[in-house]
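What follows is one structure encoded as structure tokens, with my remarks underneath.
The values are calculated or read from the model by the stated rules, or taken from the named source; none is laboratory data. All values derive from a computational prediction rather than experimental measurement. Cβ placement follows ideal geometry from the backbone for every residue including glycine, while neighbour counts extend to all protein chains displayed.
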């Protein structure tokens, strides 16, 4: 599956439990167009400038977002512990010069169905919701959060959060099409 749009088609055919069974890992979606994620209304509530161009989180541009799929040769603790970096041995490989070989670690906490992200002392840093992480200090990440590895922005989703988001997108677009005349 090459784009978010492909995953939305899959969501139409599966229940949430089936989706999570098939895709038990966290999702990172990104755009090849620089700055697109920054323009999303729901990610810039704090510093939104009056009159600035914004993109609704259900904009058609989201359909072209690309999922960062996990490495087929993952570590033995994946998906409970996933490593992010430029090195091809990482669970999520980001082939970009601003991403360190061992950039960050994403940890799943089953007891409360949550995720923590830790910067591994990367050269260009990791940010969550626009705030720089202190290397070695875990920070909670939530569905829809923008995570920046080096200079690349990603939208984060848990498996259940990804299913809910894609299902909501589908329902929203169906409702909007039903309102259109003709």
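With the condition kept exactly as written, say whether any residue in segment 24-32 is under 17 Å from residue 146 (Cα atoms), within 16 Å of the chain's Cα centre (by Cα), surrounded by fewer than 14 Cβ atoms within 10 Å (Cβ to Cβ) and modelled with pLDDT under 95.
The answer is yes, given that some residue of segment 24-32 is under 17 Å from residue 146 (Cα atoms), within 16 Å of the chain's Cα centre (by Cα), surrounded by fewer than 14 Cβ atoms within 10 Å (Cβ to Cβ) and modelled with pLDDT under 95.
Could you check segment 149-170 and list, in sequence order, the residues that are more than 10 Å from the chain's Cα centre (by Cα) and under 19 Å from residue 124 (Cα atoms)?
The answer is 149, 150, 151, 152.
Which members of segment 67-103 meet the condition of being farther than 19 Å from residue 162 by Cβ and surrounded by 21 or more Cβ atoms within 10 Å (Cβ to Cβ)?
Across segment 67-103, the qualifying residues are 83, 85, 90, 99, 100, 103.
If we keep just the residues of segment 2-23 that are more than 15 Å from the chain's Cα centre (by Cα) and not in a helix (DSSP H, G or I), which is surrounded by the most Cβ atoms within 10 Å (Cβ to Cβ)?
Here the residue is 14.
Applying the selection to segment 23-35, what residues are closer than 23 Å to residue 113 by Cα and out of contact with any helix residue (DSSP H, G or I) (no Cβ under 8 Å at 6 or more places or on another chain)? Show your work before the answer.
Going residue by residue through segment 23-35, those that are closer than 23 Å to residue 113 by Cα are 23-29.
Once the filter is applied, which keeps residues that are closer than 23 Å to residue 113 by Cα and out of contact with any helix residue (DSSP H, G or I) (no Cβ under 8 Å at 6 or more places or on another chain), segment 23-35 yields only 28.
Assuming residue 140 fulfils every condition listed in (1) surrounded by fewer than 19 Cβ atoms within 10 Å (Cβ to Cβ); (2) in contact with a strand residue (DSSP E or B) (Cβ under 7 Å, 6 or more places away or on another chain); (3) modelled with pLDDT under 95 apart from one, which condition is it?
(3)
Given the conditions (1) modelled with pLDDT under 75; (2) closer than 26 Å to residue 165 by Cα, report the number of the one that residue 126 does not fulfil.
Every listed condition holds for residue 126 apart from (1).
Could you check segment 146-158 and list, in sequence order, the residues that are touching a residue at least 40 places away in the same chain (Cβ under 8 Å) and touching a strand residue (DSSP E or B) at 6+ places or on another chain (Cβ under 7 Å)?
Answer for segment 146-158, where residues must be touching a residue at least 40 places away in the same chain (Cβ under 8 Å) and touching a strand residue (DSSP E or B) at 6+ places or on another chain (Cβ under 7 Å): 146, 147, 149, 152, 153, 154, 155, 156, 157, 158.
Yes or no, residue by residue, for (1) farther than 17 Å from residue 156 by Cα; (2) touching a residue at least 60 places away in the same chain (Cβ under 8 Å):
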position	(1), (2)
85	no, no
95	yes, no
106	no, yes
110	yes, no
115	no, yes
124	yes, no
131	no, no
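Taking into account only those residues within segment 125-147 that are in a strand (DSSP E or B) and closer than 16 Å to residue 82 by Cα, which is farthest from the chain's Cα centre (by Cα)?
From segment 125-147, those in a strand (DSSP E or B) are 126-128, 131-132, 139-141, 146-147; that's our starting set.
Narrowing further to those that are closer than 16 Å to residue 82 by Cα: 126, 139-141, 147.
On the way: 126: 14, 139: 15, 140: 14, 141: 10, 147: 7 Å.
Filtering segment 125-147 for residues that are in a strand (DSSP E or B) and closer than 16 Å to residue 82 by Cα, the one farthest from the chain's Cα centre (by Cα) comes out as 139.
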